[in-house]
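Notes follow once the structure below has been shown.
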Amino acid sequence: MPDFSLWPLLGIAVVMLGFLLKFNPVLVVTVAAFATGMAVKMPVMIWLESLGTAFLKTRNLPLILLLPLAVIGLLERHGLREKAQNWIQQIKAATTGRLLLVYLALRESTAAAGLTSLGGHPQMVRPLLSPMAEAAFEQKHQSLPDKIKYKIRAMSAATDNIGLFFGEDIFVAFGAIILMHTFLRESGIETDPLHIALWGIPTAIAAFLIHGSRLLRFDAYLARQLKDELKQAPQQEQRHD
């Protein structure tokens, strides 16, 4: 196996440290790119040229991100959240945990097929999934304190993240798989991208089972939280009196 330097990976450490310390993301990425360029002894002019080329390729990215947000905002203004809540309340067997479990299965399976844009926080979790999960809980318990509402929203976002993260690793054309294939080939290890993708299936199944078991217990957890909230409410009223 040929020798290779690990110094180019310095940029990853810079990104991790910068985000951990909550520095400006643009500054962190720029410094990480500079550190990687210096580690591979890249001339400054070539580094600046590469940075400018990358900027020109992604200058339309804010427009791509803002247009869907505008569409989602328009749909919400015309009652998208309310329609979703009314629809889920008509399904008597629906609970928060069951709904999120079904979404986890759909999100992971579609991501495995390369359809990663079918979900996401702005276009799916906030306007549809979270309101439906909240409505399913309120239908069963006739009450939804803010503390429980925020827990449902957090679990909805986490379910989307887990389904996407572990599902897309199965898609053979996913960037991370191509990156691993290229890195291994440059290190003298011949692999097949399809073989790498297939080895992502056991991990995806394990992630689904682990998080799915959490979702199945989520309804009981929320019921206990609601019970505690109702117990604490009279005590807080007495203190105020």
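The values are calculated or read from the model by the stated rules, or taken from the named source; none is laboratory data. Treat the numbers as computed from the prediction; the structure is a model and nothing was measured. As a convention, Cβ positions derive from the backbone with ideal geometry for all residues, glycine included, and neighbour counts pool all protein chains shown. SASA here: full protein model, heavy atoms, side chains in, ligands and nucleic acids out. Shrake-Rupley method; radii C 1.70, N 1.55, O 1.52, S 1.80 Å.
Quick notes
- For the stretch 123-241, the fraction of 1.4 Å probe accessible surface lying on carbon and sulfur atoms is 60 percent.
- Cross-link partners of residue 92 among lysines (Cα-Cα below 17 Å; sequence separation of 8 or more within a chain): 83, 140
- Whether the stretch 77-128 is rounded, prolate or oblate, judged on the alpha carbon gyration tensor where a/c under 1.5 counts as rounded: oblate
- With a Förster radius of 25 Å applied to the beta-carbon distance between residue 118 and residue 205, the computed FRET efficiency rounds to 0.75.
- Packing around the peptides 153-162, 108-117, 209-218, 131-140, taken as the average count of other Cβ atoms within 10 Å per residue, puts them in this order, highest first: 131-140, 153-162, 108-117, 209-218.
- Take each peptide in 182-188, 223-229, count the other Cβ atoms within 10 Å of every residue, and average; sorted highest first, the result is 223-229, 182-188.
- Packing, taken as the mean count of other beta carbons within 10 Å per residue, orders the peptides 118-130, 25-37 from highest to lowest as 118-130, 25-37.
- Expressed as a whole percent, the accessible surface of the stretch 1-52 that belongs to carbon and sulfur atoms is 79, based on a 1.4 Å probe.
- Solvent-accessible area per residue, Å², over the stretch 85-214 with all protein chains present [probe radius 1.4 Å]: 52 Å²
- Projecting label points 7 angstrom from Cα along Cα→Cβ for residue 109 and residue 21 puts them 4.6 nm apart.
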